[in-house]
Amino acid sequence: MTVTFKGYFIQQADYQHWANEALFARLELLDDGVRKSDQGLACGSIHRTVDHLLAVTRNWAGHLKGEGDVTGYDVLLCADWRDLKDALRRELRALQHWLEEMPENYFEERVFYPRGAERKSLWVRDALTHLMTRMAHHRGEVSAAMTRLGFAVPEMAYAVYKQEMERHIAQLKEAEEERRAEKP
């Protein structure tokens, strides 16, 4: 089976969503004050770090669509934890659906973005790789803070995601076969 850049990055967006959901489930164990307290992360708190993920996702989606920066990195986008989780969920799914609509050759183009006073560019596939690895990096920071706080962190590895998706596909096939066998 040949995997295209398009297929790969659609799957990567789905993986990011899956990994975020695993992390969110554990972050629910923390009270809001702990999530918002300074944990020594690059963005300070767990909440600010997740908010930064939202800003990064919005900005790179804007660059990919030719819109430029959509938001500043120094602004808190969502003060409420539930609003923040929902906004990041929507943003990632919107990016995934947008990628699904893009032609295969889009991933061979360049994307332009500001870097200070300069205008830089990357191949689309490299910009998407940057976005996906940034998300994993920041989830890692949050996981480290949770560990310091005495909380277990979820398994968020890509291999675990792939195994879980393969199990779901096998279950769907089995259910479909059972349904067909029941039909007269």
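Over the chain, what relative contact order in percent results from Cα pairs under 8 Å that are six or more residues apart? Relative contact order here is 28 percent.
Magnitude of the charge dipole for the chain, about its Cα centre and with charges confined to Cβ atoms of Lys, Arg (+1) and Asp, Glu (-1), is about 280 debye.
Over the stretch 77-123, the fraction of Cα-Cα pairs per 10 Å bin, rounded to whole percents and listed from the shortest bin up, is 22, 29, 35, 14. Over all alpha-carbon pairs in the stretch 100-184, figure out the percentage whose distance exceeds 21 Å. Within the stretch 100-184, distances greater than 21 Å cover 63 percent of Cα pairs. Each eigenvalue of the Cα gyration tensor of the stretch 1-104, multiplied by 5 and square-rooted, gives one semi-axis; in descending order these are 27, 16, 10 Å.
Average projection, convex hull of the Cα set of the stretch 46-87: 2.7 square nanometres.
In loop segments of the stretch 6-96 as defined by DSSP, the trypsin sites (Lys or Arg not before Pro) with at most 14 further C-beta atoms inside 10 Å of their C-beta are 65. Here the stretch 1-58 is treated as a sphere whose radius is the Kirkwood value from Cα pairs; by Stokes-Einstein at 4 °C and 1.567 mPa s it diffuses with a coefficient of 99 µm²/s.
Among the lysines of the chain, pairs that are 8 or more positions apart or on different chains and have alpha carbons within less than 28 Å of each other number 11. Labels on offer are (1) 1.47; (2) 1.17; (3) 0.98, and the one holding Cα Rg over 2.2 N^0.38 Å computed from this structure is (2).
Readers should treat all values here as calculations from the given coordinates under stated rules, not as data from a laboratory. Quick caveat, the model's predicted, so the values are computed rather than measured. Neighbour counts are summed over all protein chains in view; Cβ atoms, including those assigned to glycine, are modelled from backbone coordinates with ideal geometry.
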